[in-house]
DNA sequence: CCCTATCTTGACACCATCTTTATGCACATA
DNA sequence: TATGTGCATAAAGATGGTGTCAAGATAGGG
């Protein structure tokens with residue numbers, strides 16, 4: 001289900017109507033997780049690894065300030081406070097405890113969404129990029145760069161598409177038909193030859209000895225598999 | 001001057017009483033710089049290199065949203081909006097333009113200070129210089145200056161936009177459609193030719209041998225990539 | 001109003017890539 | 001041994017992407 005939504009939002013609020021409301025306005029854009037108490041919220045923050053947390057200060061089991069501090073012990077995920085408390089001291093206390101933003105209820109839906117976007121934007125630029133590596137082969141999907149034995153390899157679009165597919169499913173066997181469908185589309189399901197040619201070209205570029213592949217393993221009669229380190 | 005204060009705050013506001021007020025409440029904690037207009041604010045942002053900017057949206061000479069966008073062209077310094085505008089649309093517009101926070105006047109002094117602290121806390125360990133250099137090429141995004149082999153290069157607005165996009169994503173491949181969308185807008189997605197012409201012109205200005213580009217690398221079938229030093 | 005810089009568009013040569021065709025190899029089976 | 005199947009590689013033609021020059025079109029400033 002968490003397929004095309006890029007970011008996860010964790011809502012920690014003890015009032016069911018508010019949880020439902022927030023889920024409704026956010027679920028189109030984000031994957032929403034819900035928690036109804038401080039302790040379950042802390043657990044959810046650890047397990048669901050959200051990209052932003054919306055936290056109500058008035059929880060029955062654990063004070064909101066305490067929730068902020070405990071999360072800040074191990075995570076720098078953006079925390080946006082949603083609270084009925086309007087007093088300036090409350091805001092200052094929450095912000096100084098480690099919160100990133102503070103909205104007083106009631107708040108505008110669009111403003112909340114914009115503040116979530118602003119928080120995500122900030123953390124987006126400081127997250128390390130995903131990198132696949134196995135032996136001498138390294139693939140950086142975020143910058144579309146491939147290196148083998150330290151040398152930069154230039155791949156054609158089709159070759160890169162195949163390699164990207166293999167990297168994102170590293171270690172698993174991808175059937176011929178699966179690769180053909182993903183890279184060429186359903187029209188090429190009966191043309192396994194074009195895949196062999198491209199695998200061959202790909203091996204010539206990234207394998208030190210293309211006739212004895214170290215990285216792209218042939219699974220006879222089934223498909224191909226990318227070797228992983230471990 | 002007062003070098004014992006760790007952080008610099010730039011205040012951009014056209015009303016003298018507010019500038020004075022902000023200076024009063026902030027100067028104990030921060031080094032405060034003041035600007036009274038949009039253009040002078042932009043200049044001050046480049047010269048004083050503040051750690052946080054307090055910006056009034058209602059400037060007489062340049063719209064506040066525009067100020068945000070121009071700063072975001074080269075800097076990710078936290079921008080906190082201080083405005084009399086209460087409308088949700090104004091907040092959303094400012095936040096989506098790149099602002100980090102939005103306070104409606106009148107605001108509490110302690111809350112402002114806490115929000116400034118929150119902003120500073122987030123950016124404590126990330127201060128990228130708006131300077132790019134690779135080989136003989138140097139780009140200063142804060143002053144919009146480009147030099148190649150020591151000579152200053154004059155670029156057209158479109159050429160600079162492309163180069164800025166490449167610099168802010170240096171090392172990564174930018175697809176044709178991404179560049180077209182950012183520089184020309186979505187209407188030009190089906191006009192890749194205009195991009196090629198501009199890349200060609202750009203290369204003629206910054207590359208020593210435009211037929212063998214050292215800096216702007218073509219990724220055939222995909223897009224372009226700016227070479228990095230490392 | 002004209003001049004200049006810039007942007008856009010068209011034409012064309014060139015090159016990379018994709019697909020297809022052809023061939024060889026390994027292995028299993030009759 | 002003969003034969004078929006699946007896989008790997010090489011090569012060639014077709015296709016489409018890419019770089020460059022140059023000619024209008026447009027806008028902004030003097």
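For the range B:144-172, enumerate the residues that are buried (at least 18 other Cβ atoms within 10 Å of the Cβ), under 14 Å from the mean Cα position of the chain (by Cα) and within 10 Å of DNA strand C (Cβ to nearest atom).
Residue satisfying the conditions is B:160 alone.
For the range B:173-201, enumerate the residues that are more than 10 Å from DNA strand C (Cβ to nearest atom) and either within 18 Å of residue B:139 (Cα to Cα) or part of a strand (DSSP E or B) (or both).
B:173, B:174, B:175, B:199
So which residues in the range B:211-229 are away from DNA strand C (no atom under 14 Å from the Cβ) and assigned to a loop (DSSP other than H, G, I, E, B)? Step through it out loud before you land on a result.
If we filter the range B:211-229 for residues that are away from DNA strand C (no atom under 14 Å from the Cβ), which is where we start, we get B:214-216, B:226-229.
Matches in the range B:211-229: B:214, B:215, B:227, B:228, B:229.
Could you tell me how many of the residues in the range B:164-180 are away from DNA strand D (no atom under 15 Å from the Cβ) and in contact with a helix residue (DSSP H, G or I) (Cβ under 8 Å, 6 or more places away or on another chain)?
The total comes to 1.
What's the number of the condition residue B:158 fails, among (1) in a strand (DSSP E or B); (2) within 13 Å of DNA strand D (Cβ to nearest atom); (3) in contact with a helix residue (DSSP H, G or I) (Cβ under 9 Å, 6 or more places away or on another chain)?
Among (1) in a strand (DSSP E or B); (2) within 13 Å of DNA strand D (Cβ to nearest atom); (3) in contact with a helix residue (DSSP H, G or I) (Cβ under 9 Å, 6 or more places away or on another chain), the lone unmet condition for residue B:158 is (1).
Would you list the helices (runs of 4 or more DSSP H) that sit entirely within the range A:55-143 and hold 3 or more residues that are under 19 Å from the mean Cα position of the chain (by Cα) and either crowded, with 19+ Cβ neighbours inside 10 Å or facing chain B (nearest Cβ under 10 Å) (or both)?
Per the criteria, A:109-124.
In this structure, does residue B:200 turn out to be surrounded by fewer than 16 Cβ atoms within 10 Å (Cβ to Cβ), within 15 Å of DNA strand D (Cβ to nearest atom) and at pLDDT 95 or above?
Details: surrounded by fewer than 16 Cβ atoms within 10 Å (Cβ to Cβ): yes; within 15 Å of DNA strand D (Cβ to nearest atom): yes; at pLDDT 95 or above: yes.
In short, yes.
With respect to residue A:32, determine if the residue is in contact with a helix residue (DSSP H, G or I) (Cβ under 9 Å, 6 or more places away or on another chain), away from chain B (no Cβ under 14 Å) and at pLDDT 95 or above. Lay out the reasoning, then the answer.
Values: in contact with a helix residue (DSSP H, G or I) (Cβ under 9 Å, 6 or more places away or on another chain): yes; away from chain B (no Cβ under 14 Å): yes; at pLDDT 95 or above: yes.
Considered against the rule, which asks whether it is in contact with a helix residue (DSSP H, G or I) (Cβ under 9 Å, 6 or more places away or on another chain), away from chain B (no Cβ under 14 Å) and at pLDDT 95 or above, residue A:32 comes out as yes.
The values are calculated or read from the model by the stated rules, or taken from the named source; none is laboratory data. What you see is a predicted model; the values in this text were computed from it and never measured. All Cβ positions, glycine included, derive from the backbone under ideal geometry; neighbour counts span all protein chains shown.
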